[in-house]
Amino acid sequence: MFDKNKSDEFRSVEFRTEARETETGKKELVVRGYPILFNTPTKVWDSWYGEIEEIILPQAMDGVDLRNVFLLYGHDMNRVFGRTGKNLRLDVDETGLFMECVMPNTQEARDAYNLIEAGIVDGMSFWLRTHEQVNPATLTRTVTKIEELPEITITAFPAYKETVVIAVEEVKRQERLAQERMARRVEEELKKFK
């Protein structure tokens with residue numbers, strides 16, 4: 001039975017990826033970002049009112065049990081990439097909910113990582129349960145309490161566009177390129193003194 005006072009909601013934000021090498025030389029594919037941003041108004045769809053503006057306050061995460069949250073692809077429960085306590089870490093800070101996941105060694109996870117690294121898929125979403133109601137006069141909702149956060153997901157359609165996802169391997173590549181450019185510049189300058 002549908003409970004009008006309790007709603008299941010999906011929200012989207014962007015995220016970043018990273019490839020890193022472990023001490024044993026094994027390559028890990030890591031995605032990280034902020035699936036929930038505090039104090040960031042965004043337009044979302046409400047089943048009763050249509051498009052509304054929503055903001056999530058920092059205290060909304062107080063007391064939320066994060067011990068069994070899943071990282072999915074496209075909110076598909078059959079496409080699981082992570083789980084807290086296993087390969088997914090979640091931390092609440094002043095920005096919002098930070099997540100980091102060491103992707104599993106599966107073809108689907110590698111494919112998702114490559115899409116993220118290429119910037120083709122650059123968003124995240126989350127599924128929350130809340131009792132917060134829409135103010136019908138202003139078509140706004142302020143989320144002060146999240147009752148449950150079952151999953152966060154990788155998606156191509158983020159609602160919260162303020163966050164960014166990158167591949168750590170791409171960051172390292174850009175740093176190497178910058179160092180190489182600097183070395184060439186220094187080399188050219190040194191040639192002037194010969």
Please state which one of 84, 40 is within 15 Å of residue 123 (Cβ to Cβ) and surrounded by 15 or more Cβ atoms within 10 Å (Cβ to Cβ). 40
Residue 67 being under 21 Å from residue 38 (Cα atoms), without any contact (Cβ under 8 Å) to a residue 40 or more places away in the chain and either in contact with a helix residue (DSSP H, G or I) (Cβ under 7 Å, 6 or more places away or on another chain) or outside any strand (DSSP E or B) (or both): yes
Considering only segment 109-147, state which residues are aliphatic (A, V, I, L, M) and closer than 21 Å to residue 39 by Cβ. 124, 128, 134, 139, 143, 146
Are any residues in segment 45-57 surrounded by fewer than 18 Cβ atoms within 10 Å (Cβ to Cβ) and either assigned to a strand (DSSP E or B) or under 17 Å from the mean Cα position of the chain (by Cα) (or both), and if so, which ones? 45, 46, 50, 51, 53, 55
Can residue 24 be described as in contact (Cβ under 8 Å) with a residue 40 or more places away in the chain, surrounded by fewer than 18 Cβ atoms within 10 Å (Cβ to Cβ) and polar (S, T, N, Q)? no
Condition met for residue 72 (touching a strand residue (DSSP E or B) at 6+ places or on another chain (Cβ under 7 Å), part of a strand (DSSP E or B) and aliphatic (A, V, I, L, M)): yes
Restricting attention to segment 115-123, does a residue exist that is modelled with pLDDT under 95, in contact with an Asp or Glu (Cβ under 8 Å, 6 or more places away or on another chain) and either within 26 Å of residue 57 (Cβ to Cβ) or among the basic types (Lys, Arg) (or both)? yes
Please tell me if residue 144 is surrounded by fewer than 21 Cβ atoms within 10 Å (Cβ to Cβ), touching a Leu at 6+ places or on another chain (Cβ under 6 Å), modelled with pLDDT of 95 or more and not acidic (Asp, Glu). yes
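The values are calculated or read from the model by the stated rules, or taken from the named source; none is laboratory data. Everything numeric here is computed off the predicted structure, so don't read it as measured data. Positions of Cβ are generated from backbone atoms using ideal geometry, with glycine treated the same way; all protein chains shown enter the neighbour counts.
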